[in-house]
Amino acid sequence: MKKFSVKEINELLGVNDAYKAPQKVMDVMLDDKKREEMFKRFLKVETDVSRDWFREYFQKEQAERKSKKQDFTPDSVAKLLNALISGEDKDDNIYYEPAAGTGSILVAKWQKDRIYNPVASELPLAQLMTYDPRAYWYQAEELSDRALPFLIFNMAIRGMNGVAIQCDSLTRKATHAYFIRNNTSDYLKFSEVIELPKTDEFAQELNVIWVDENEVNDNDII
């Protein structure tokens, strides 16, 4: 299992300093061609997508521990949490996570979903082959400008279907929302990233209140 160094991640992202990474990732996530090119660069170096590649990088270089009390979940804890809240006999194909960070727990849930498939429960090797991304929905929320681009990256490179919302999960004040879409049965396909318009219809659907970015700040965080 490879661990990316700060230097490696910066090179793969195409930045010369970590502080430039969040904006670069967000810009690329909204460009179909550049997004796939970036994903392929990472996958040439590491093909194990069962864990969050950015957790240690983000915690070291990007975390806002003082202002936003950010700390990030180790892979072992993410797996344990998913084991505690999920069961093989449960219909848990809809997932919701507030304060998702870069997506460590979300990735662990996705890994469990794609490996466990009740249709092929007695044929372990067939479980992954019968995984259909369209059968699962992941809603992840994160307030931080720095963490959100990496969360979107983690969802899209894994071909998830869901939504990433930049919001305060307590007040429901939101500044952006992104539809992560893989409308195929191909579990190896990347997702599209579509920024949702700030309409009343989407506000109602996502249970958010659209606000300007300067209206969501550290004072909103409890």
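The values are calculated or read from the model by the stated rules, or taken from the named source; none is laboratory data. Here the structure is a predicted model, which means the values were calculated and not measured. As a convention, Cβ positions derive from the backbone with ideal geometry for all residues, glycine included, and neighbour counts pool all protein chains shown.
Would a scan of segment 24-31 turn up a residue that is part of a helix (DSSP H, G or I), at pLDDT below 95, under 12 Å from F150 (Cβ atoms) and within 17 Å of the chain's Cα centre (by Cα)? There is no residue in segment 24-31 that is part of a helix (DSSP H, G or I), at pLDDT below 95, under 12 Å from F150 (Cβ atoms) and within 17 Å of the chain's Cα centre (by Cα). Across segment 112-121, which residue is nearest to the chain's Cα centre (by Cα) among those that are assigned to a helix (DSSP H, G or I) and at pLDDT below 85? The residue in question is I115.
The rows are residues; the columns are (1) under 15 Å from the mean Cα position of the chain (by Cα); (2) at pLDDT below 90.
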{"position": "V45", "(1), (2)": "no, no"}
{"position": "K60", "(1), (2)": "no, yes"}
{"position": "V77", "(1), (2)": "no, yes"}
{"position": "I85", "(1), (2)": "no, yes"}
{"position": "K90", "(1), (2)": "no, yes"}
{"position": "S104", "(1), (2)": "yes, no"}
{"position": "V107", "(1), (2)": "yes, no"}
{"position": "L123", "(1), (2)": "no, yes"}
{"position": "M129", "(1), (2)": "no, yes"}
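Applying the criterion of being among the hydrophobic types (A, V, I, L, M, F, W, C) and in a helix (DSSP H, G or I) to the residues of segment 41-55, the residue that is nearest to V15 (Cα to Cα) is F42. Among the residues of segment 158-189, the one identified as surrounded by 18 or more Cβ atoms within 10 Å (Cβ to Cβ), in a loop (DSSP other than H, G, I, E, B) and among the hydrophobic types (A, V, I, L, M, F, W, C) is M160. Can you tell me how many residues in segment 196-222 are surrounded by 13 or more Cβ atoms within 10 Å (Cβ to Cβ), out of contact with any helix residue (DSSP H, G or I) (no Cβ under 9 Å at 6 or more places or on another chain), at pLDDT 95 or above and not in a helix (DSSP H, G or I)? Final tally of qualifying residues: 2.
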